Every structure is written in structure tokens, then in C-alpha cells.
Amino acid sequence: MSFFLYAATFFILVVLGAVALGVQIWAVSDCLRTPAADFQRVYKRSKQFWGGLTGVSAFFGFLYLLPAAASLTAPDMGMLMLINMAGATVAGVYLADVRPALAEVRGRGRGNQSRGSSW
């Protein structure tokens, strides 16, 4: 019985950690591709601020999954898990708040669609 419980815990923690790492990598890559002037135009801190925050969050997301990849042991449910959850929250805030504002400045926002007719 304990093997199945361990296997289920391992699978759930690794999948959730991988999803969090994917979101963190998406946030840091989007931040690094955006020009610094766009951040100033939307008044959303600076590129260095968001780049550092999302970069550190992706680093801790990688560290969270490292034990699972190295020796097939379940990721830690202690302080590293809490730090990874905070990093996933940082990435989520960037993707939900900062990225849409930057997209509007770049001309890919919601209200900037080409309307050929009144239909």
C-alpha cells in the first residue's frame, strides 16, 4: 500500500512542478524578449525587476525538480516547495498583469483589431 501512495505522491508532485516550471520559463522568456522601453511605457516596474524576479523563480522551479530527475525521489514538500509556489505566483502575476499591458503597447492587445467594415 505504501508503494502506491509513494508513486501517486511522486507523480503528482513532479507533474505540478513541471507545470510550474513551464509557466516560469514562459514568463522569463517573454520578459527577456520584450524591450525595456515597453516596460517604461506601461509603468509596470522595469525590465530588470521583472527579469530578475522571473529568472529567480525559474531557477527555484528547476531546483525543485532536480531531486526527481537525479535519483527518482519525490520532490521535497518543505521550504523549497513553498519557494517554488511563490515563484509560480510571480510568473503568474507577470503573465496575467504585465504581459497583457505590454501586448497592448506592442499593438497586439485586445482593442487593436483591424475592422474592415461595420459588421
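The values are calculated or read from the model by the stated rules, or taken from the named source; none is laboratory data. Keep in mind that this is a model prediction, so the values were computed, not measured. Backbone-built Cβ (ideal geometry, glycine too); neighbour counts: all protein chains shown. Each accessible area value is taken on the protein alone, full model and side chains, heavy atoms only, with ligands, DNA and RNA left out. Shrake-Rupley method; radii C 1.70, N 1.55, O 1.52, S 1.80 Å.
Relative to the Cα centre, what is the charge dipole magnitude of the chain, using +1 at the beta carbon of each Lys and Arg, -1 at the beta carbon of each Asp and Glu, and rounding to the nearest 20 debye? The partial results should precede the final answer.
Details: 10 positive and 5 negative charges, 128 e Å.
Here the chain has a charge dipole of around 620 debye.
Using a Förster distance of 22 Å, how high is the FRET efficiency between F11 and V56, based on the Cβ-Cβ distance and rounded to 0.05? Write out the running numbers ahead of the final one.
Working: r = 27 Å, r/R0 = 1.23.
Rounded to the nearest 0.05, the efficiency is 0.20.
Can you give the Rg/Rh ratio of the chain, where Rg is from the C-alpha atoms and Rh is the Kirkwood radius? List each step's numbers first, then the result.
Values: Rg = 18.5 Å, Rh = 16.0 Å.
My calculation of the ratio gives 1.16.
Please identify the longest segment of the chain free of exposed trypsin sites (Lys or Arg not before Pro), where exposed means a DSSP state other than H, G, I, E or B and no more than 15 other Cβ atoms within 10 Å.
Values: sites that count: R45, R108, R110, R115.
So the longest stretch without any such site is 46-107.
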Next item on the list: Could you do me a favour and compute the accessible area per residue for the chain, 1.4 Å probe, result in Å²?
Entry: 66 Å²
Next item on the list: Report the far tail of the P(r) of segment 39-84, meaning the percent of Cα-Cα pairs longer than 16 Å.
Entry: 51 percent
Notebook entry, point to check: Could you work out the helix-only [θ] at 222 nm for the chain, with each DSSP H run of four or more residues adding -39,500 (n - 2.57) and the total divided by the number of residues, to the nearest 500 deg cm²/dmol?
Noted result: -24500 deg cm²/dmol
Item checked: Accessible-area composition of segment 1-113, carbon plus sulfur, in percent [1.4 Å probe] -> 71 percent
Item checked: Cα convex hull of segment 15-66, projected area averaged across orientations, nm² -> 3.4 nm²
Item checked: By average C-beta atoms within 10 angstrom, highest first, the peptides 61-67, 5-11, 22-28, 92-98 -> 22-28, 61-67, 92-98, 5-11
